[in-house]
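Here the structure comes first, spelled out in structure tokens, and everything after it is commentary.
The values are calculated or read from the model by the stated rules, or taken from the named source; none is laboratory data. All figures in this text were calculated on a predicted structure; none of them were measured in a lab. Backbone-built Cβ (ideal geometry, glycine too); neighbour counts: all protein chains shown. SASA here: full protein model, heavy atoms, side chains in, ligands and nucleic acids out. Shrake-Rupley method; radii C 1.70, N 1.55, O 1.52, S 1.80 Å.
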Amino acid sequence: MNKHKFFLLFLIISFTTTFAQKSRISGKVEDATSGEALIGVNILVIDSSGVGTAANEDGTFELTLPHGIYSLKFSSIGYSTVIKTDVVVTGGKETFLNIKLTPSAIQMKEALVQADYFDKAVQINNLATVVLNPEEVRRSPGSMQDFQRILQGMAGVSFSNDMNNELIVRGGSPDENLTVLDEMELHSTNHYPNEYNSGGPINMVNVDLIDHIQFSTGGFVSKFGDKLSSVMQITTREGTRKNTFASDINLSMAGFGGVFEGGINNGKGSWILSARKSYISLIAGSLGLTAIPYYYDLQSKIVYDLSPAHKLSLSAIYGNDKILIKGENKSDITKSNLTDSVGIYRVDIKQYQFAAGLTLRSIWNKNSYSLLTWYYNLYNNDFKIDEDFTERSYDANGKIINSILLSKRQTVLDDHHNANTALKGEIFWKLDNLQELNFGISAATGNFVQSLYLAGDSARYFIDGQWSPTIVVPASNIKYNIKLFDNYKYYAFINDKLKLFDERLIVNAGIRYDYFSYSLKGNFSPRISASYFIIPSVTSLNFAYGEYYQAQNYPTYGDREKKDINRYLENSHSRHFVVGIEHIIADGLRANLEAYQKSYDDLPVSEKFINFNDRTFRSNKNLNAGKQTVTGVDLQIQQKLVKDYFGTLSYSRMWTDYKDPRIGWAGKKIISSYDFPHVLTLIFGKRFSGLRTELDNTNFLLKYFSYLLPFSDDMEISVRWRYASGKPYTEKIWSTSEQYYEGSTRWSKGNWVESYEINNKRYPDYHRLDIAFNSRFNFDAWSIAIFLSIQNLYNRKNVAFYDYNSDGKRETIYQFAFLPVIGIDVRF
């Protein structure tokens with residue numbers, strides 16, 4: 001299959017229509033600690049002298065503004081000042097803001113402090129954390145409005161290739177990342193996921209439903225666990241409460257969908273629904289696609305105020321994915337006038353996933369509130385691989401002139417269902433202005449049902465001048481049925497946040513306990529982090545230490561003979577040390593430098609790999625033999641959209657040290673599969689305000705020639721350049737002394753054998769340039785936006801991986817080539 005063509009589904013040409021009445025900003029201001037509505041907060045539109053308002057007695061506010069992009073300043077005595085950037089006002093659409101202010105004794109003492117541009121109020125600690133708003137997701141070049149692809153450009157994060165939005169955080173594997181969607185702890189929010197990776201090619205979360213995203217790359221507090229590397233919290237927005245009904249219909253080459261929303265019971269609640277469906281099958285012929293992805297997703301949120309102090313919310317997300325990948329018979333000039341035999345594979349994938357959660361938020365008084373959440377999520381996968389063993393004849397030009405099917409067999413049939421349900425509760429209690437407690441418990445149960453068929457295999461080895469006896473691995477039919485309520489996962493945590501020395505020192509100290517009844521393993525996880533402000537709200541020294549544990553996924557606990565030989569594996573463990581310094585350079589400009597060390601142990605390693613020197617050894621057993629240390633330095637400089645400029649510079653330097661667990665290799669080191677020594681990302685953007693008006697006032701020729709391009713009074717141009725060291729891989733060597741019985745028909749001429757030097761090679765270094773152009777035309781009751789994005793502008797041929805064919809030839813598979821993305825957005 002041509003990998004480039006498959007991912008052309010990201011080519012977007014969209015048309016959107018929205019029905020609304022006013023161009024206004026509305027929202028609510030709350031205390032970040034208690035969730036209590038704040039009265040009388042001053043709200044000022046920056047760069048618009050005298051324009052502003054104040055929050056009402058229920059904390060709500062409303063502003064009617066001309067179309068454009070604004071920054072709003074929120075200030076109140078006793079609270080840190082917050083500046084909200086990227087507030088977009090367009091024709092006919094209401095913009096809603098959910099603002100949280102942090103209590104501050106410093107402000108009460110009238111100290112000179114820096115206003116917060118970086119959403120510190122929603123951050124639990126001051127380490128390795130970024131917060132994204134939906135506009136930052138929309139305009140980022142090369143992201144395709146996928147927030148995980150933006151996070152790939154953050155310091156400490158790398159990725160394997162363009163075809164997946166996976167997050168490799170500070171040397172950890174992609175399954176070490178926790179995703180929390182509206183209090184639901186999920187494995188993934190992507191289409192086409194798998195058990196071993198939280199990423200995927202397409203994210204199910206619609207950017208139009210995002211309120212904010214908080215992402216932490218290490219040192220996170222005791223509230224979060226059962227993951228070793230990172231936490232990503234996705235908070236979705238509420239629907240409009242002002243209108244009974246509003247809609248946003250989207251038609252694109254990637255799919256058709258819309259966002260629908262409205263108020264409930266005169267503004268006491270709201271609902272919002274997103275629905276999208278791919279229809280790339282209708283244009284697959286013109287794109288030359290041989291494997292067509294079919295997917296659709298639904299996302300919804302309903303909120304209702306039971307009283308001023310109690311809010312009930314229901315969030316849900318659903319995704320359905322299908323793809324059929326058929327192996328191709330390709331021409332090959334190197335095989336002119338020859339005959340070969342090869343296995344041609346047919347991969348059939350059908351998946352669906354669903355999650356729903358109900359949360360009751362209760363404010364008990366001005367110093368405490370609680371969250372009670374029930375959620376359910378499932379992942380269902382039907383995966384089949386069939387092999388057609390085929391003999392092919394080539395003409396003088398390398399074209400296939402005859403093809404004979406020698407045998408046909410099913411090699412893999414995996415039908416499994418993984419579901420869990422959980423009930424968790426949290427209490428936030430502000431003891432006084434200098435101490436806050438957060439504690440909670442959770443109980444989860446699930447079921448894992450799997451029917452797995454693996455075809456048998458036969459192999460022989462040329463040893464000491466003769467072929468060994470044939471080693472036969474029989475076909476396996478494996479069935480698991482771990483029932484709901486048979487096993488549980490529990491956790492409990494407490495975190496104490498202290499403010500000392502006039503709030504110059506902020507400490508988070510906590511502990512967590514996790515237990516999994518299936519493996520009978522439990523662990524305590526102490527955590528501590530601290531920030532000392534050399535200059536209040538400007539410069540801080542930061543530190544974190546923590547112990548982190550993660551249970552294995554269900555397939556790792558399984559074995560081919562179903563003898564429970566892997567059931568009682570230890571939980572994998574990681575220890576984090578982080579030190580850093582953060583400095584606010586200017587308005588909206590922040591620099592963060594951190595050094596870290598992550599020490600891993602009890603990582604699962606197959607016994608077959610441990611006995612690597614014995615090519616005839618066969619085993620399904622896993623052992624907790626993996627040990628690794630990752631050391632690194634991360635630098636991130638971020639400029640929010642202030643005075644028409646925005647950008648990011650992030651650089652990561654990493655060293656990995658994986659102890660070789662193989663017999664006979666004691667004391668040796670292996671380069672980790674997730675080792676990227678150097679990763680650099682540069683993003684720069686400029687907003688042009690009033691350009692169309694200026695051009696209209698110039699000379700005749702310049703004025704009318706400029707109409708050949710979509711210049712407007714509200715434009716943005718941005719670029720992103722990314723560089724990463726080549727990904728490590730283990731070299732494979734074609735060996736004629738090792739053969740397998742291919743297609744159950746004949747002995748192969750050889751086999752690809754991995755080198756004894758694990759990860760001894762690297763793919764070529766990765767780099768690419770992306771550019772994005774956005775232009776909005778605003779009118780009284782409607783607006784139109786035109787956008788153009790070009791990915792891989794100079795068409796760098798970045799290698800994704802090498803495909804090793806059964807005939808002894810290696811094929812290079814490349815990542816995204818030059819890829820334009822164009823669109824138009826019209827709102828009434």
*asked:* Looking at ARG746, ARG796, ARG768, ARG762, can you tell me which residue is surrounded by 20 or more Cβ atoms within 10 Å (Cβ to Cβ) and among the charged types (D, E, K, R)?
replied: ARG768
*Which one of the conditions (1) more than 30 Å from GLY750 (Cβ to Cβ); (2) open to solvent by 70 Å² or more (accessible area, probe 1.4 Å) does ASN329 fail to meet, given that it meets all the rest?*
(1)
*Scan the stretch 151-165 for residues that are open to solvent by less than 10 Å² (accessible area, probe 1.4 Å) and either at positive phi or of a type outside the set (S, T, N, Q) (or both) and report the count.*
5
*Among the residues of the stretch 398-407, is there at least one that is open to solvent by 50 Å² or more (accessible area, probe 1.4 Å) and within 36 Å of the chain's Cα centre (by Cα)?*
no
_Where GLY200 falls short, out of the listed (1) part of a loop (DSSP other than H, G, I, E, B); (2) over 17 Å from ASN381 (Cα atoms)_ = (2)
*Taking the residues in the stretch 97-119 that are open to solvent by less than 50 Å² (accessible area, probe 1.4 Å) and in a strand (DSSP E or B) as candidates, determine which candidate is modelled with the lowest pLDDT.*
ASP116
*When you look at ALA530, is it free of Cβ contacts under 8 Å to residues at least 60 places away in the same chain, open to solvent by 20 Å² or more (accessible area, probe 1.4 Å), over 30 Å from SER80 (Cα atoms) and not polar (S, T, N, Q), yes or no?*
no
_ILE39 being among the aliphatic types (A, V, I, L, M), in contact with a helix residue (DSSP H, G or I) (Cβ under 9 Å, 6 or more places away or on another chain) and surrounded by fewer than 16 Cβ atoms within 10 Å (Cβ to Cβ)_ = no
*Find all pairs meeting these conditions: Cβ atoms under 6 angstrom apart; at least six residues apart or on different chains; first residue within the stretch 555-580 and over 21 Å from TYR518 (Cα atoms) and without any contact (Cβ under 8 Å) to a residue 40 or more places away in the chain; second residue of a type in the set (Gly, Ala, Ser) and open to solvent by 20 Å² or more (accessible area, probe 1.4 Å).*
ARG575/SER599; VAL579/ALA595
_Condition first: under 30 Å from ASN447 (Cβ atoms), of a type in the set (S, T, N, Q) and touching a Lys or Arg at 6+ places or on another chain (Cβ under 9 Å). Can you find one or more residues in the stretch 501-513 that meet it?_
no
*Output the residues belonging to the stretch 329-361 that are of a type in the set (Val, Ile, Thr) and either within 35 Å of the chain's Cα centre (by Cα) or part of a strand (DSSP E or B) (or both).*
THR339, VAL342, ILE344, VAL347, ILE349, THR359
_Hits in the stretch 651-698 (condition: assigned to a strand (DSSP E or B) and of a type in the set (Ser, Thr, Tyr))_ = TYR651, SER652, THR656, TYR658, THR681, SER689
*Given (1) over 16 Å from LEU127 (Cβ atoms); (2) at pLDDT 95 or above, where does LEU541 come up short, assuming only one miss?*
(1)
_I'd like the residue in the stretch 265-285 that is open to solvent by less than 50 Å² (accessible area, probe 1.4 Å) and within 30 Å of PHE61 (Cβ to Cβ) and, out of all such residues, is modelled with the lowest pLDDT._
GLY267
*Would you mind telling me which numbered condition in (1) at pLDDT below 90; (2) at positive phi HIS187 fails?*
(2)
*Count of the stretch 790-803 residues which are of a type outside the set (S, T, N, Q) and more than 18 Å from PRO764 (Cβ to Cβ)*: 2
_Candidates LEU701, LEU623 - the one that is part of a helix (DSSP H, G or I) and either farther than 30 Å from ILE584 by Cβ or among the hydroxyl-bearing types (Ser, Thr, Tyr) (or both)_ = LEU701
*If only one of ARG237, ARG241 is at pLDDT 90 or above and either more than 17 Å from the chain's Cα centre (by Cα) or open to solvent by 10 Å² or more (accessible area, probe 1.4 Å) (or both), which one is it?*
ARG237
_If I filter the stretch 456-469 for residues that are small (Gly, Ala, Ser), under 17 Å from GLU195 (Cβ atoms) and crowded, with 16+ Cβ neighbours inside 10 Å, do I get at least one hit?_
no
*Run SER672 past the list (1) closer than 30 Å to GLU716 by Cβ; (2) open to solvent by less than 60 Å² (accessible area, probe 1.4 Å) and report the number of the one that doesn't hold.*
(1)
